[in-house]
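Reading through the structure tokens given below for one structure.
Just so it is clear, none of the values below were taken in a lab; they were calculated from the coordinates. Source: prediction; values computed, not measured.
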Amino acid sequence: VLFAAYNGFAALAAAVIPVMARRFGLQASHLLNLWAGGAALLCFPLFADPHWLLLPMLGVGFAWGSILSLPYALLSTSVPAEKMGVYMGIFNFFIVIPQLVAATVLGFLLRALFGGAPIYALVMGGASLVLAGALVLRVPQAPAAPAAGALGAVGTERARAT
């Protein structure tokens, strides 16, 4: 049920995130979504009634929707267009390798550090999302292009000539 809930909220996020990105920018939108997901995962241990776990799935869904889209949008504004494919491929290593490491060592870490209690994997995930949200502010962004018509007729011609 929780899996279906956060995927449903991620579908809702797909409609909301573009509006957020236009209003707040890519970085701030991703930060807000990651922090919503982080807060949601961090609060899991606070719920005694499992029915209430649907509530944090809203944050997890928005984080998931953001994770599936905004990192690529951020990257596309930060790298040269002629090397986009190379950079996207390298970027995917930074998605797959942590997944492989987590799949390999998370069970051991849970047994060794947390007595086998899986709830702490969610807490670690929440803390990681909060940290990731803060780190997204370090991603360099291309300067904003001037709005159409902002330069005037002469400025536009000069901009085209350069």
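Output the 0 to 90 degree angle, nearest 10, between the alpha-carbon long axis of helix 119-135 and the longest principal axis computed from the alpha carbons of the chain.
Around 20 degrees separate the two axes.
Below 8 Å, C-alpha to C-alpha, sequence gap of six or more: please give me the relative contact order for the chain in percent.
Across the chain, relative contact order equals 32 percent.
Counting only Cα, what are the radius of gyration and maximum Cα-Cα distance Dmax of the stretch 2-141, in Å?
16.2, 52
Return one number: the angle in degrees, 0 to 90 and rounded to the nearest 10, between the long axis of the Cα atoms of helix 54-67 and the longest principal axis of the Cα atoms of the chain.
40
Note down the Stokes-Einstein diffusion coefficient of the stretch 1-41 in µm²/s, whole number, using a Kirkwood radius over alpha carbon pairs, 10 °C, and 1.306 mPa s. Each step should come with its number before you reach the end.
On the way: Rh = 10.8 Å.
The diffusion coefficient I find is 148 µm²/s.
Each residue of the stretch 41-47 in turn: what ³J(HN,Hα) in whole Hz from Karplus with 6.51, -1.76, 1.60 and θ = phi - 60°, glycine and Pro shown as x?
Residue by residue, the stretch 41-47 yields 5, 5, 8, 3, x, 7, 8 Hz.
Just to be sure I understand: with springs between alpha-carbon atoms less than 10 Å apart, which residue in Ala48, Ala36, Ala132 has the highest mean-square fluctuation in the Gaussian network model of the chain?
Largest GNM mean-square fluctuation: Ala48.
Each residue of the stretch 105-111 in turn: what ³J(HN,Hα) in whole Hz from Karplus with 6.51, -1.76, 1.60 and θ = phi - 60°, glycine and Pro shown as x?
Using θ = phi - 60°, the values come out as 10, 5, x, 4, 4, 4, 5 Hz.
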